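The values are calculated or read from the model by the stated rules, or taken from the named source; none is laboratory data. On a predicted model such as this, the values are computed, not experimentally measured, just so you know. All Cβ positions, glycine included, derive from the backbone under ideal geometry; neighbour counts span all protein chains shown. Protein only, heavy atoms only, side chains kept; ligands, DNA and RNA dropped before computing areas. Shrake-Rupley method; radii C 1.70, N 1.55, O 1.52, S 1.80 Å.
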Amino acid sequence: MAGEAALGSVSQLWRYPASSLAGERQDAILVGPAGMAGDRMFGLVDTSDNEIARPDREAKWHKVPRIRTRLANDRDLEIAIPGGDWLSAPGAECDRALSTYLGFAASIRPFGRENAPPAYAGPVTAARYAKAPIHLLTTASLARLKALHPEGAADPRRFRPNIIVDMAAVEGSFPETEWIGRKLAIGDLLLTISEPCRRCGFTIISQDGFDHDPGILRNLVRHNAHNLGVYCTVDRPAGIKVGDAMRFL
């Protein structure tokens, strides 16, 4: 491993304590077999039918990615509606704020009893999809997307990666999409790139700092078979931090 030249270095780390809500940026984090510590522990549901939030499919959820999240002690969720204070979740006060903001009755619920706070006795929900442990994206792929769609905002928040690696642009290429099956080392963390990350309508939704933009997805469909970034499995868990070098094994 020492002989491999670094492909790049970690520039951003993200976890998403509540699925579909805004992520929480980290300077350093522990990566376990199931992914980032504190990633996707909670979900947001419409309490009228217990439907899980789907911003990619229904306009009623389009404001959800603007709701901020953070974890205290890697466990205790807090959310903030735009313009509002931080509120503990799950809980009646946060559910009232969510419902007012969205315009229908909504609730934060843990994904399974194992993610519930110790004193929580309310309902739980199930994750809406089986995610890969880690989602990795390079700045080279963001640069390629920007070259194809210069008027658009290729903001990484559109794509919800866990690890963003800063690396030189590769002309005409989304480089990590070509690495399927390869093994990577990031510090002491070992990963295998398992599959490309297929993009959906979530990527076009406006958030703070960028507008609704169907051109983002159209260009990925035309030029990279719907994909941007890759999913990875965890071969050896470890802590990682911003600045760690990434190498092929």
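Output yes when any residue across the range 54-72 is hydroxyl-bearing (S, T, Y) and either more than 19 Å from the chain's Cα centre (by Cα) or open to solvent by 50 Å² or more (accessible area, probe 1.4 Å) (or both), and no when none is.
Restricting attention to the range 54-72, the residues satisfying the condition of being hydroxyl-bearing (S, T, Y) are 69.
Now restrict to residues that are either more than 19 Å from the chain's Cα centre (by Cα) or open to solvent by 50 Å² or more (accessible area, probe 1.4 Å) (or both): none.
No, the range 54-72 contains no residue that is hydroxyl-bearing (S, T, Y) and either more than 19 Å from the chain's Cα centre (by Cα) or open to solvent by 50 Å² or more (accessible area, probe 1.4 Å) (or both).
Output yes when any residue across the range 98-115 is more than 17 Å from the chain's Cα centre (by Cα), open to solvent by 60 Å² or more (accessible area, probe 1.4 Å), within 25 Å of M36 (Cβ to Cβ) and modelled with pLDDT under 95, and no when none is.
yes
Has the range 74-91 got any residue that is of a type in the set (G, A, S), on the phi < 0 side of the Ramachandran plot and open to solvent by 60 Å² or more (accessible area, probe 1.4 Å)?
Yes, the conditions are met somewhere in the range 74-91.
Here are some conditions: (1) over 29 Å from P237 (Cα atoms); (2) modelled with pLDDT under 95; (3) surrounded by 14 or more Cβ atoms within 10 Å (Cβ to Cβ); (4) not β-branched (V, I, T). A132 meets all but one. Which one does it not meet?
(1)
Kindly list the number of the only condition in (1) closer than 17 Å to H149 by Cα; (2) open to solvent by 60 Å² or more (accessible area, probe 1.4 Å); (3) outside any helix (DSSP H, G or I) that fails for L228.
Tallying (1) closer than 17 Å to H149 by Cα; (2) open to solvent by 60 Å² or more (accessible area, probe 1.4 Å); (3) outside any helix (DSSP H, G or I), L228 fails exactly one: (2).
Take the residues in the range 154-186 that are of a type in the set (G, A, S) and buried (at least 17 other Cβ atoms within 10 Å of the Cβ), then tell me which one is farthest from H223 (Cα to Cα).
Residue satisfying both the conditions and the ranking: A185.
Please enumerate the residues belonging to the range 159-171 that are part of a loop (DSSP other than H, G, I, E, B) and in contact (Cβ under 8 Å) with a residue 24 or more places away in the chain.
Selection gives F159, R160, P161, N162, M167, A168, A169, V170.
Can you give me the number of residues within the range 40-56 that are in contact with a Pro (Cβ under 7 Å, 6 or more places away or on another chain) and within 18 Å of N115 (Cα to Cα)?
As a first pass, look at the range 40-56 and keep what is in contact with a Pro (Cβ under 7 Å, 6 or more places away or on another chain): 41-42, 55.
Still in the running and within 18 Å of N115 (Cα to Cα): 41-42.
Within the range 40-56, residues that are in contact with a Pro (Cβ under 7 Å, 6 or more places away or on another chain) and within 18 Å of N115 (Cα to Cα) number 2.
Determine whether the range 137-158 contains at least one residue that is part of a strand (DSSP E or B) and at pLDDT 95 or above.
Yes; the residues of the range 137-158 include at least one that is part of a strand (DSSP E or B) and at pLDDT 95 or above.
Go through the range 191-218 and give me each residue that's in a helix (DSSP H, G or I) and open to solvent by less than 50 Å² (accessible area, probe 1.4 Å).
G201, F202, T203, I204, G215, I216, L217 - these are the residues of the range 191-218 that are in a helix (DSSP H, G or I) and open to solvent by less than 50 Å² (accessible area, probe 1.4 Å).
Given the structure, is L217 of a type in the set (A, V, I, L, M, F, W, C), under 20 Å from Y129 (Cβ atoms) and either modelled with pLDDT of 95 or more or in contact with a Phe, Trp or Tyr (Cβ under 7 Å, 6 or more places away or on another chain) (or both)?
Details: of a type in the set (A, V, I, L, M, F, W, C): yes; under 20 Å from Y129 (Cβ atoms): yes; either modelled with pLDDT of 95 or more or in contact with a Phe, Trp or Tyr (Cβ under 7 Å, 6 or more places away or on another chain) (or both): yes.
Yes; evaluated as a whole, the condition is true for this residue.
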